[in-house]
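The values are calculated or read from the model by the stated rules, or taken from the named source; none is laboratory data. Values in this document were obtained by computation on a predicted structure and should not be read as measured data. Positions of Cβ are generated from backbone atoms using ideal geometry, with glycine treated the same way; all protein chains shown enter the neighbour counts. Accessible surface areas use protein heavy atoms only, side chains included; no ligands, DNA or RNA. Shrake-Rupley method; radii C 1.70, N 1.55, O 1.52, S 1.80 Å.
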Amino acid sequence: MPTFIAGTRIAALIALLLATFALVGCDQSVREWHGKDISNLMPPLEFELIDTQGEAINASDSEGQVRLVFFGFTHCPDICPTTLARLSQAVGKLPENERERVTIMFVSVDPNRDTPEQIAAYTRFYGDRIAGVTGSEPQLRQLVKRYRTTFGYDEPDENNNYNVSHSAGVYVFDTRGKARLLLRPDLTVAQIRDDISALAQERRS
């Protein structure tokens with residue numbers, strides 16, 4: 001009798017574990033991302049900058065959008081053009097209803113050279129889902145510090161040309177403004193599209 005009871009308990013435990021695993025497998029919120037999951041590791045999206053019209057803009061102005069935030073500058077020789085092109089391609093491959101819920105935010109960290117007009121012309125080349133913004137250097141320093149990154153200026157040459165070091169990662173915030181992913185430069189367009197699509201499909205709580 002004790003052996004039978006023990007066997008029954010073991011069988012019940014196995015059944016319970018199998019049921020739990022089945023529930024987890026059916027939970028669509030449990031998924032593997034191509035980008036690095038930064039949920040609960042970074043603060044929500046918050047900034048006070050200016051747009052390409054020279055008007056003040058903040059995070060609430062694009063509330064309800066999945067926002068891909070990338071720090072760069074318009075004189076960038078390689079990383080910025082490559083990144084913006086890949087992001088634009090990924091967003092362009094989304095169904096229209098998802099594409100309309102995504103904004104690529106190009107944050108220029110070179111305000112001395114990147115005027116709103118310059119940024120507007122630059123971002124326009126890569127597509128209509130890109131919003132260019134910038135601000136004063138103190139504003140930009142505060143923003144990059146918020147997301148644990150930085151930028152720096154090299155010494156200018158005789159023609160006052162200089163390079164700007166900055167992060168190559170793309171911060172992705174969901175429609176509620178919560179930090180969700182960090183997209184690395186080695187991700188493919190298809191992988192970026194898949195991650196963005198999943199976020200665009202999420203229901204707002």
- If we ask which residues in the stretch 144-174 are part of a strand (DSSP E or B) and not aromatic (Phe, Trp, Tyr), their number turns out to be 6
- Return a yes/no flag: does the stretch 130-149 have any residue that is modelled with pLDDT of 95 or more, open to solvent by 30 Å² or more (accessible area, probe 1.4 Å) and touching a helix residue (DSSP H, G or I) at 6+ places or on another chain (Cβ under 6 Å). no
- Message: Any residue that is within 15 Å of the chain's Cα centre (by Cα), of a type outside the set (A, V, I, L, M, F, W, C) and under 14 Å from residue 109 (Cα atoms) - is there at least one of those in the stretch 130-143?
- Response: yes
- Message: So in the stretch 176-191, with the set limited to residues that are under 21 Å from residue 93 (Cα atoms), out of contact with any strand residue (DSSP E or B) (no Cβ under 6 Å at 6 or more places or on another chain) and not charged (D, E, K, R), which one is least open to solvent (accessible area, probe 1.4 Å)?
- Response: 187
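Rundown of residues vs (1) over 21 Å from residue 82 (Cα atoms); (2) polar (S, T, N, Q), yes/no style:
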| residue | (1), (2) |
| --- | --- |
| 97 | yes, yes |
| 100 | yes, no |
| 108 | no, yes |
| 120 | no, no |
| 123 | no, yes |
| 127 | no, no |
| 146 | yes, no |
| 168 | no, no |
| 176 | yes, no |
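Looking at the stretch 52-100, which of its residues are acidic (Asp, Glu), in contact (Cβ under 8 Å) with a residue 40 or more places away in the chain and open to solvent by 40 Å² or more (accessible area, probe 1.4 Å)? Break it down into steps so the answer makes sense when it comes.
From the stretch 52-100, those acidic (Asp, Glu) are 55, 61, 63, 78, 96, 98, 100; that's our starting set.
Those left that are additionally in contact (Cβ under 8 Å) with a residue 40 or more places away in the chain: 63, 98.
If the condition is that a residue be acidic (Asp, Glu), in contact (Cβ under 8 Å) with a residue 40 or more places away in the chain and open to solvent by 40 Å² or more (accessible area, probe 1.4 Å), then 63 is the only one that fits.
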